[in-house]
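Visitor: Okay, handing you the structure first.
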Amino acid sequence: MLNLPNILTLSRIFAVPILVFLLWPNFDRTALQPLPIDYLLAFALYCLMAVTDYFDGYLARTQGTVSKLGIFLDPIADKIMVAAVVLMLIFTRDIHGWHTIAAIVILLREIMVSGLREFLAGLQVSVPVSQLAKWKTGFQMISLGALILAGGLPHFAVVETVGLWTLWAAALLTLITGWDYLRVGLKHMD
């Protein structure tokens, strides 16, 4: 059970509290935001977590060490990381105004798909990840990374702009792929 891919997945889960700590506001300032260095450290950790997300699956497949534990933990690790980052970026107002709607859409879809997958697993129905869902994940990862990085580079507004545009792109793909998963699930809810 404790092969390298599973250790990488577990490392992502254990890194989430550190990521949250780095994004936690520095309350002795009036801005109620982390310091730029904290954002930069959070961005480095976020990138490391994204790399381990790629390598845990790649190593499991190429080494033939795909395990039930890994299949169970990998999507959980992804969702914990996404939810923690989205909530912290809303809390620090790095995601603000109308952009909060896009972030909430992403969170709701993550929760819905998790519940739906659990329901369908009980029926022994597998729902493969679509190519569009992979694009959604890519936009989501770029968006959250850019929004973290924007806090560390406050004089480069283009970074925040990229983060917010890709957040909306991820939210749009989230709605499409969420509907696709829901349609499959509804067929089995008679």
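The values are calculated or read from the model by the stated rules, or taken from the named source; none is laboratory data. Since the model is a prediction, treat every value here as computed from it, not as a measurement. Glycine gets a Cβ as well: all are built from the backbone with ideal geometry, and neighbour counts include every protein chain shown. Only protein heavy atoms, including side chains, enter the accessible area calculation; ligands, DNA and RNA are left aside. Shrake-Rupley method; radii C 1.70, N 1.55, O 1.52, S 1.80 Å.
Visitor: If the Cβ limit is 6 Å and pairs must be 6+ apart or interchain, which residue in segment 1-17 that is over 13 Å from Asp78 (Cβ atoms) pairs with which residue that is buried (at least 21 other Cβ atoms within 10 Å of the Cβ) and among the hydrophobic types (A, V, I, L, M, F, W, C)?
Guide: So the pair list comes out as Pro5/Ala60.
Visitor: Failed condition for Ile37, given (1) more than 17 Å from the chain's Cα centre (by Cα); (2) open to solvent by less than 40 Å² (accessible area, probe 1.4 Å), with all others met?
Guide: Here Ile37 clears every test but (2).
Visitor: Being outside any helix (DSSP H, G or I) and under 21 Å from Gly178 (Cα atoms) narrows it down to one of Val86, Val105, Val127, Val82, so name that one. Spell out the reasoning first.
Guide: On the way: Val86 fails: outside any helix (DSSP H, G or I); Val105 fails: outside any helix (DSSP H, G or I); Val82 fails: outside any helix (DSSP H, G or I).
Val127 is the lone residue from the list that is outside any helix (DSSP H, G or I) and under 21 Å from Gly178 (Cα atoms).
Visitor: Related question: Can you tell me which residue in segment 164-190 is surrounded by the most Cβ atoms within 10 Å (Cβ to Cβ), limited to those that are free of Cβ contacts under 8 Å to residues at least 40 places away in the same chain and either among the small types (Gly, Ala, Ser) or under 30 Å from Pro34 (Cα atoms) (or both)?
Guide: Only one residue tops the list, namely Thr166.
Visitor: Filter segment 93-102 down to the residues that are touching a residue at least 12 places away in the same chain (Cβ under 8 Å) and part of a helix (DSSP H, G or I) and list them by number. Spell out the reasoning first.
Guide: Restricting attention to segment 93-102, the residues satisfying the condition of being touching a residue at least 12 places away in the same chain (Cβ under 8 Å) are 93-95, 99, 101-102.
Within segment 93-102, His99, Ile101, Ala102 meet the criteria.
Visitor: Does segment 47-57 contain any residue that is among the hydroxyl-bearing types (Ser, Thr, Tyr) and either open to solvent by less than 50 Å² (accessible area, probe 1.4 Å) or under 28 Å from Thr177 (Cα atoms) (or both)? If you could, list the steps in order and put the result at the bottom.
Guide: Start the filter on segment 47-57 by keeping residues that are among the hydroxyl-bearing types (Ser, Thr, Tyr), which leaves 52, 54.
If we keep only those that are either open to solvent by less than 50 Å² (accessible area, probe 1.4 Å) or under 28 Å from Thr177 (Cα atoms) (or both) too, we end up with 52, 54.
So far as segment 47-57 goes, yes, one or more of its residues are among the hydroxyl-bearing types (Ser, Thr, Tyr) and either open to solvent by less than 50 Å² (accessible area, probe 1.4 Å) or under 28 Å from Thr177 (Cα atoms) (or both).
Visitor: Out of curiosity, is Ile106 of a type in the set (Val, Ile, Thr), in contact (Cβ under 8 Å) with a residue 24 or more places away in the chain, closer than 25 Å to Val184 by Cα and surrounded by 15 or more Cβ atoms within 10 Å (Cβ to Cβ)? Don't jump to the end; show me each part of the working.
Guide: Values: of a type in the set (Val, Ile, Thr): yes; in contact (Cβ under 8 Å) with a residue 24 or more places away in the chain: yes; closer than 25 Å to Val184 by Cα: yes; surrounded by 15 or more Cβ atoms within 10 Å (Cβ to Cβ): yes.
Yes.
Visitor: A further question on this structure: Looking at Ile90, Ile111, which one is surrounded by fewer than 15 Cβ atoms within 10 Å (Cβ to Cβ) and either free of Cβ contacts under 8 Å to residues at least 60 places away in the same chain or under 29 Å from His188 (Cβ atoms) (or both)? Talk me through it step by step, then tell me what you get.
Guide: Values: Ile90 fails: surrounded by fewer than 15 Cβ atoms within 10 Å (Cβ to Cβ).
None of the other options fit; the residue is Ile111.
Visitor: Restricting to segment 90-106, count the residues that are hydrophobic (A, V, I, L, M, F, W, C) and over 18 Å from Gly138 (Cβ atoms).
Guide: Kept after step one, since they are hydrophobic (A, V, I, L, M, F, W, C), are these residues of segment 90-106: 90-91, 95, 98, 101-106.
Right, trim to over 18 Å from Gly138 (Cβ atoms) and you get 90-91, 95, 98, 101, 104.
So the count comes out to 6.
For every residue, the table says whether it meets (1) open to solvent by less than 20 Å² (accessible area, probe 1.4 Å); (2) under 25 Å from His155 (Cβ atoms); (3) of a type in the set (Gly, Ala, Ser).
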{"position": "Asn3", "(1), (2), (3)": "no, no, no"}
{"position": "Arg12", "(1), (2), (3)": "yes, no, no"}
{"position": "Ile18", "(1), (2), (3)": "no, no, no"}
{"position": "Leu41", "(1), (2), (3)": "no, yes, no"}
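Visitor: Which residue pairs have Cβ atoms closer than 7 Å, lie 6 or more positions apart in sequence or on different chains, and pair a first residue in segment 114-129 that is of a type outside the set (Phe, Trp, Tyr) with a second residue that is in a loop (DSSP other than H, G, I, E, B)?
Guide: Note: pairs meeting the criteria are Arg117/Val127; Leu120/Val127; Leu120/His188; Leu123/His188; Val125/His188.
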